[in-house]
Amino acid sequence: MIAIDTEKLISWFLEHKRVLPGRDITDPYPIWISEIMAQQTRMETIKPYYERFLKELPTIESLATVEETKLLKLWEGLGYYSRVRNLQAAAKVIMEKYQGTFPKTYADTIHLKGIGEYTAGAILSRAYGLPYASVDGNVLRVLTRFEASPIDISRNSTKKYYKEELEKLNPSHFGLLNEALMEIGAMICRPKIAKCNSCPLRERCKAYEQNNIGLYPVKSKKVKITIHEYTCFFLVDQNKKIYFEYKEENILRGLYAPYFVEDSISEVDVYSYLDKKHIETDYVIALQEQKHVFTHQIWYMKGYLVYLKDNKQDIEKFYTQEEIKNKISISTCFRKFFKEIENYLNDEENSSHHV
Ligand code: SF4
């Protein structure tokens, strides 16, 4: 059995824990929301999103019934929109099958959309004190260092192994044990720097004892990242509205995007390209190039602000700056161009910046 002194660890946590979304509460709904938001995003970063989300959708019922456009808008900036769609799908099941109360068993919880072993353990242990461990990459780093174990943490079986090992322990509160291990991973036993002198696990930590912390964790699998080049055309009509279209597939599913192509079109070629596409152009302004990193993709993006000759295009797809800000959901990758675009649109003298 893993030799953690659970009570010492929990005491340390109660004394040193940060104030974070989803902490110090036992209502499973906000814990669930905070856990889903924190996937791929740092806990500190999600705070304003978390507060706004719960203010607008304070109950599972309100989440189950909210319109998709509003739901996606509340998620804007967090990315990975399938997470919020899954949240709503799960909320509907909770309304239908469990009368609006978050399930109290592991079997029922794990069947909800978007909830895996880690999240199920986190919610059930913290809301109901149930004896389930939540093990993620941070916790694996702490535990493999603690045991000086060369076990490969990229294998699924390793997570399963440590989950079972932790569940053999008998802490005074399982939720606090889970949170304490997470906090050690986030604040003390960091990937590059381990602050062993401040660590409550130090006494029994094998990597510390053997002075070989740098050897752990062992990780073999490398995720393949692909690199893409895009050119984005922000088409502006004579009322200074911008064209956006709704995307139904791939990474941008459910979001709005400007007209864009997977190609790097230079300033020299931009007019002839637009001409070829029958986009009648008055003039074009080149924007600062942008880079956006998704989980498995990096996008390098050129951007052009394209002033159209007339308003003959599909008029319904043009949006005001106000609508772009508050109504439609747009991926952060495109929003990176907005500050500059706003400056140009609000600057009547912009004609001097033409390509
Ligand atoms: S003593 Fe050091 S290496 Fe061991 S768990 Fe604590 S911070 Fe990590």
Confirm whether LYS104 is surrounded by fewer than 18 Cβ atoms within 10 Å (Cβ to Cβ), in a helix (DSSP H, G or I) and either in contact (Cβ under 8 Å) with a residue 24 or more places away in the chain or not basic (Lys, Arg) (or both).
no
Among the residues in segment 229-236, are any surrounded by 13 or more Cβ atoms within 10 Å (Cβ to Cβ) and within 23 Å of the chain's Cα centre (by Cα)?
yes
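Residues to consider are TYR243, TYR230; find the one that is in contact with a Leu (Cβ under 6 Å, 6 or more places away or on another chain), under 30 Å from GLN321 (Cα atoms) and more than 9 Å from the ligand (Cβ to nearest atom).
Details: TYR230 fails: in contact with a Leu (Cβ under 6 Å, 6 or more places away or on another chain).
On inspection, the qualifying residue turns out to be TYR243.
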Regarding THR109, is this residue crowded, with 16+ Cβ neighbours inside 10 Å, modelled with pLDDT of 95 or more, β-branched (Val, Ile, Thr) and in contact with a Leu (Cβ under 7 Å, 6 or more places away or on another chain)?
yes
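When only residues in segment 138-152 that are buried (at least 16 other Cβ atoms within 10 Å of the Cβ) and farther than 18 Å from GLU203 by Cβ count, which is farthest from the ligand (Cβ to nearest atom)? So that I can check it myself, show each step before the final result.
Taking segment 138-152 and keeping what is buried (at least 16 other Cβ atoms within 10 Å of the Cβ), we get 138-149, 151.
Filter once more, keeping what is farther than 18 Å from GLU203 by Cβ: 138-141, 151.
On the way: ASN138: 11, VAL139: 11, LEU140: 12, ARG141: 8, ILE151: 15 Å.
Across segment 138-152, the extreme among qualifying residues is ILE151.
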Kindly indicate the residue of segment 261-295 that is touching a residue at least 60 places away in the same chain (Cβ under 8 Å), within 35 Å of the chain's Cα centre (by Cα) and in a strand (DSSP E or B) and also surrounded by the most Cβ atoms within 10 Å (Cβ to Cβ) among those meeting that condition.
ILE285
Residue check, LYS312 in the same structural domain as LYS277 (by TED's automatic domain parsing), at pLDDT 90 or above, over 15 Å from THR231 (Cβ atoms) and out of contact with any Lys or Arg (no Cβ under 9 Å at 6 or more places or on another chain):
no
Please indicate, with yes or no, whether at least one residue in segment 117-138 is within 25 Å of ARG85 (Cβ to Cβ), among the polar types (S, T, N, Q) and in contact (Cβ under 8 Å) with a residue 60 or more places away in the chain.
yes
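With respect to LEU124, is the statement that it is assigned by TED's automatic domain parsing to the domain that holds THR41, in a helix (DSSP H, G or I) and more than 18 Å from TYR29 (Cβ to Cβ) true?
On the way: assigned by TED's automatic domain parsing to the domain that holds THR41: yes; in a helix (DSSP H, G or I): yes; more than 18 Å from TYR29 (Cβ to Cβ): no.
Spelling it out, it is not the case that LEU124 is assigned by TED's automatic domain parsing to the domain that holds THR41, in a helix (DSSP H, G or I) and more than 18 Å from TYR29 (Cβ to Cβ).
The values are calculated or read from the model by the stated rules, or taken from the named source; none is laboratory data. All values reported here derive from a predicted model rather than from experimental measurement. Every residue, glycine among them, receives a Cβ derived from its backbone with ideal geometry; neighbour counts consider all protein chains shown.
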